1. Please give the solvent-accessible surface of ASP59 in Å², to the nearest 10, using a probe radius of 1.4 Å with every protein chain present.
2. Grab the Cα-Cα distance for GLU264 and LYS150, subtract it from 0.36 nm times how many residues apart they are, and report the gain in nm with one decimal.
3. Just name one of VAL30, PRO121, GLN132: the one whose Cα is farthest towards the positive end of the charge dipole of the range 1-144 (beta-carbon charges, Lys/Arg +1, Asp/Glu -1).
4. Provide the descending list of Cα extents for the range 232-282 along its principal axes, expressed in whole angstroms.
5. Given Cβ point charges of +1 (Lys, Arg) and -1 (Asp, Glu) and nothing else, what value in debye, to the nearest 20, does the dipole of the range 1-144 about its Cα centre take?
6. Counting other C-beta atoms within 10 Å, and keeping those with at most 12, which DSSP coil trypsin sites (Lys or Arg not before Pro) do you find in the range 1-109?
7. Going by average Cβ neighbours within 10 Å, how do the peptides 191-197, 286-292, 228-234 rank, with the highest at the top?
8. Could you sort out which of LYS150/LYS274; LYS198/LYS316; LYS13/LYS144; LYS92/LYS144; LYS13/LYS131; LYS198/LYS274 sit more than 18 Å apart by Cα distance in this structure?
Amino acid sequence: MSESVLTSTRYGKDLVRVFRVVRGKDFHQVVEYNVTVLLEGDIETSYTVADNSVVVATDSIKNITYYLAKISPHILSPERFALHLGTYLVSKYAHIHRAFVSLEKLRWSRITLSGNVDPHPHSFVRDGDDKQTVEVEVDASAGKDKLSAKVTSGITDLLVLKSTGSAFHGYIHDEYTTLPEVTDRVLSTSVDLAYTFKPISLSPPTDTAKLEFTIPEGFALGSVWDGDAVTIRARNGTLDIFSLDESASVQATLYKMGQRVIAENAGVDSVTYKLPNKHYIPVNMNYIGVDNTANAEVFVPTSAPSGLISATISRK
Ligand SMILES: O=c1[nH]c(=O)c2[nH]c(=O)[nH]c2[nH]1
């Protein structure tokens, strides 16, 4: 026993599902999040000597998440809601020094009815499996009045495919090579990208009971760090490059996507892409005397194994 030592601790609530409606006069706005909240602080004794007096129950962490979803003016912005929740937790509990809030925002887009141009005021459709992601770390270890935060946001599960405009040749040929070189192929990937904003300092709540909280100026709507605007630009830029690039490889296309995110978003320091190469393999029909190679039309979609190409592109 004496040869072991507790070297890190972190705990909290995972998979908190929360939906919020904001009722305006003419329009409703809705958000659905999957939230994870983890805490670090002076909690070692709960592990080492079963001291529960230092434990904010994970059930209470869940309740705080719902309560903030009810009262936070920042609920519609995943970055700002996560910052509010993290800031609240480290401010309320003296012995909690860091809060890690991760959330996924599911797509609910307004329905436009047939024959109408205006979107419906309170009906929505899940128009894609891709999710907006946010990871916020609120750090109070330098003092409760000196809060700082790191914010990483992104997109995951954005499934794309192009039926031409992609080649792959010139790679190493040796005794292990079976892959034929191609000047035209189907390219498909499920885009996962995450961009890191410049670090920010936060104003702690002036009154934790009233939950007054000042959002850092950078994350105000319309600023270069406005999370929703960055997400829309990153999504559109990624889809543009994917469609327009005459792809020499997933690697080369990925790099162009990353350059575009850095160029278009002054508040972003770096962006990491993870792109699985979801292979579509032409079916060999030689056995029946049919050529399905040069202008292949029939493919086997394969989910495994897949290539996995990743890189981080940073501001110089
Ligand atoms: O774009 C690609 N990059 C690779 O590294 C690779 N490797 C492979 O087998 N096919 C591909 N395609």
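1. 70
2. Working: separation 114, 0.36 × 114 = 41.04 nm, distance 2.02 nm.
Taking 0.36 nm per residue and subtracting the Cα distance, the gain is 39.0 nm.
3. Working it through, the farthest residue towards the positive pole turns out to be PRO121.
4. That works out to 43, 19, 18 Å along the principal axes.
5. Values: 17 positive and 18 negative charges, 147 e Å.
For the range 1-144, the charge dipole is close to 700 debye.
6. Taking the range 1-109 and a limit of 12 other Cβ atoms within 10 Å, the loop trypsin sites (Lys or Arg not before Pro) found are ARG10, LYS25.
7. Numbers: 191-197: 22.1, 286-292: 9.0, 228-234: 18.6.
So the peptides 191-197, 286-292, 228-234, ranked by packing, come out 191-197, 228-234, 286-292.
8. On the way: LYS150/LYS274 21 Å; LYS198/LYS316 13 Å; LYS13/LYS144 23 Å; LYS92/LYS144 10 Å; LYS13/LYS131 20 Å; LYS198/LYS274 21 Å.
From LYS150/LYS274; LYS198/LYS316; LYS13/LYS144; LYS92/LYS144; LYS13/LYS131; LYS198/LYS274, over 18 Å: LYS150/LYS274; LYS13/LYS144; LYS13/LYS131; LYS198/LYS274.
The values are calculated or read from the model by the stated rules, or taken from the named source; none is laboratory data. Keep in mind that this is a model prediction, so the values were computed, not measured. So basically every Cβ, Gly included, is an ideal-geometry build from the backbone, and we count neighbours across all protein chains shown. Surface areas here come from the heavy atoms of the whole protein model, side chains and all, with no ligands, DNA or RNA. Shrake-Rupley method; radii C 1.70, N 1.55, O 1.52, S 1.80 Å.
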